[in-house]
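In what follows, a single structure is set out as structure tokens and then discussed.
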Amino acid sequence: MGKYVLKLYITGKTPKSERAIANLKNICEIELQNQYEMIIVDVLERPQLAEDEKILATPTLIKEIPPPLRRIIGDLSDTEKVLLGLDLQPTFKHKQGESNEK
Amino acid sequence: MKNKEFEVEKLETHIPGFDWISNGGLPKDRSTLLSGTAGSAKTVFVTQFLVEGITKHGEKGVFVTFEESPDEIRKNMKSFGWDIRKYEKEGTWAFVDASPQPEVEVVEAGFYDMGGLLARIEHAIKKIGATMVSLDSLGAFFSQFSDRATVRREIFRITYALRKMSVTSVITAERTEEHGVIARFGVEEFVADNVVILRNVLEAERRRRTIEILKYRGTVHQKGEYPFTIMPGEGIIIIPLSAIELKQKSSDVRITSGCLELDNMCSGGFYRDSIILVSGATGTGKTLMVTHFMAGGANKNEKCLIFAFEESREQLFRNAIGWGVDYEKMEKEGKLLVVCEYPETASLEDHLIKMKKVIDSYKPNRIAVDSLSALERVSTLRSFREFVISITSFIKHQEVAGLFTSTTPTLLGGTSITETHISTITDSIILLRYVELYGETRRGITVLKMRGSTHDKEIREFQIDHSGMHIGNPFRNVVGILTGNPVQISSAEVHRTAELFKDR
């Protein structure tokens, strides 16, 4: 299995950002073990990067490698959708992601 | 009592006509919703808003596009003479590209907001120091995400942030019908302070564009729909009809009609700043009146301008020669300009703009339009009325004399729609009529009305020969000429009627 390069764009240290980071780490640990590289970009600090990538919604997860390029938006609480977006078959039973907005 | 600091400041847009109908421009530091159906020129409006601000004020603008890519916008707006790439290089224009990227698949997995977009807009504003923002369009923004409630809330957040940053913004939204809900997705509920509507209505097989300011919270604006047109090289031009203020000076200087007898009938000629309507059936001598009017002006070294909508240049010149007037010589001496155009070549709004431009650049002393009724057939009644009001008021503002001709639909007597609309705004009305007498047709002329002056009330006979029009004696024993039903009466009857009104 090739290495995954995942970029997560967030806006500041909001609960939504924190949830997305936690959910992504959780999924990657289970599914990709050490086969991944995770880069977190805070668009409030680096707006030009958001401009270059044409980010609208945050959090946005971009799967750069392996192709195809894919975007997953949201706090990644819907694990099934995240796995679908990453082209992964769930190997272990995941606990449902944290989602308690509002 | 009104307090100055509570008044809403406005930002001049320099979109022709808009600052007038909005009493000064767009509400400053606020968001205005611009709603319209597909093809109602929303993108042109928001682009022009930025371009005029950049070129006329030295302001800077950010364009957030949700629909077309920046490249498409740059290309499409080139036809208006707007070089967006140049502004970008100068640092007065920045794009935020939020257009859909069909090549990338997007999966929604959980809660999200538009923090990324907001950060980019704020970044672009700060980067170039923008004071104006255009967002085009909300419908395309909604279609990129499945969670409408989130998008709605985020649009509110964006407008709030824009306000905080003291930028004036215009946000476009789609509507599905011309007269119905303000916009799709109920966007007016959260960008509600100011609403402007663009319409593109199909009326009698012709498109008619109008703009209406529906509401401006806390400030005044002109009510109702105003027609507008889109000109290549210029963009949107709004025609503010009620901008017509009756403040033009009134002149008591008389000018010649080019025909001495007619001058005598008008007690010495037309007023210098008056509008004269010449009405008559086909062949009664309307174009001849125009020719006299032009020749009379050129003889006094005035600059004359003809808008001809019925005859070609060659025809006009040949006719004039037939009446002893040399248009070619007048043109060479710079005293005459003839603009010939088929009414069908453009919409009435476009004709109006073109005519205004010619008048502005040529600066004539007298103008003739031959004929107004030819324009009537290319438009709806409503557009035509607006056109007539607009062109007459424009000419009056220039303080030049205008002579319009109008063809009546029937040979004998009768009025036309043109007259119904124009008669109250014209200063003088001259009627040319066929008169059937002793088995032949003769021609009659009468001055029906002449504002601010006495005039001959008689219906006189006139003849046309190689030197033009010759007005002779009144028809003494004929009644019913104006109604198109001339009846001869015996001279004894004339005598008896005259006796009736004699003082005893």
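The values are calculated or read from the model by the stated rules, or taken from the named source; none is laboratory data. All values reported here derive from a predicted model rather than from experimental measurement. So basically every Cβ, Gly included, is an ideal-geometry build from the backbone, and we count neighbours across all protein chains shown. To get the accessible areas, we keep the full protein, side chains included, count just its heavy atoms, and leave off ligands, DNA and RNA. Shrake-Rupley method; radii C 1.70, N 1.55, O 1.52, S 1.80 Å.
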Out of (1) closer than 15 Å to B:VAL278 by Cβ; (2) at pLDDT 85 or above, the odd one out for B:THR454 is which? (1)
Can you name the strands (runs of 3 or more DSSP E) wholly within segment A:1-72 that have at least 1 residues being more than 10 Å from every other protein chain (Cβ to nearest Cβ) and over 12 Å from the mean Cα position of the chain (by Cα)? A:60-65
If we ask which residues in segment B:11-26 are open to solvent by 10 Å² or more (accessible area, probe 1.4 Å) and in contact with a Pro (Cβ under 6 Å, 6 or more places away or on another chain), their number turns out to be 2
Select from segment A:73-82 the residues that are buried (at least 20 other Cβ atoms within 10 Å of the Cβ) and over 9 Å from the mean Cα position of the chain (by Cα) and write down the one among them that is farthest from the other protein chains (Cβ to nearest Cβ). A:THR79
Filter result for B:PHE309 (open to solvent by less than 40 Å² (accessible area, probe 1.4 Å), among the aromatic types (Phe, Trp, Tyr) and farther than 26 Å from B:LEU431 by Cβ): no
Given (1) modelled with pLDDT of 90 or more; (2) in contact with a strand residue (DSSP E or B) (Cβ under 7 Å, 6 or more places away or on another chain); (3) under 25 Å from B:GLU344 (Cβ atoms), B:ILE276 misses just (3)
Among the residues of segment B:320-356, how many are in contact with a Phe, Trp or Tyr (Cβ under 9 Å, 6 or more places away or on another chain) and either in contact (Cβ under 8 Å) with a residue 24 or more places away in the chain or outside the structural domain of B:CYS259 (by TED's automatic domain parsing) (or both)? 16
All positions within segment B:140-162 that are touching a residue at least 60 places away in the same chain (Cβ under 8 Å) and either away from chain A (no Cβ under 11 Å) or over 25 Å from B:ASP29 (Cβ atoms) (or both): B:ALA140, B:GLN144, B:THR159, B:LEU162
State all residues of segment B:76-105 that are buried (at least 18 other Cβ atoms within 10 Å of the Cβ) and of a type in the set (Val, Ile, Thr); if no residue qualifies, say none. B:ILE84, B:THR92, B:VAL96
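Would you list the helices (runs of 4 or more DSSP H) that sit entirely within segment B:44-148 and hold 3 or more residues that are closer than 28 Å to A:PRO68 by Cβ? So that I can check it myself, show each step before the final result.
Values: elements: B:70-76, B:84-90, B:115-128, B:138-142.
Because the criterion is at least 3 residues that are closer than 28 Å to A:PRO68 by Cβ, the helices (runs of 4 or more DSSP H) in segment B:44-148 that meet it are B:70-76, B:115-128, B:138-142.
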Got a sec? Which of B:THR32, B:THR47, B:THR43 is open to solvent by 20 Å² or more (accessible area, probe 1.4 Å) and not charged (D, E, K, R)? B:THR43
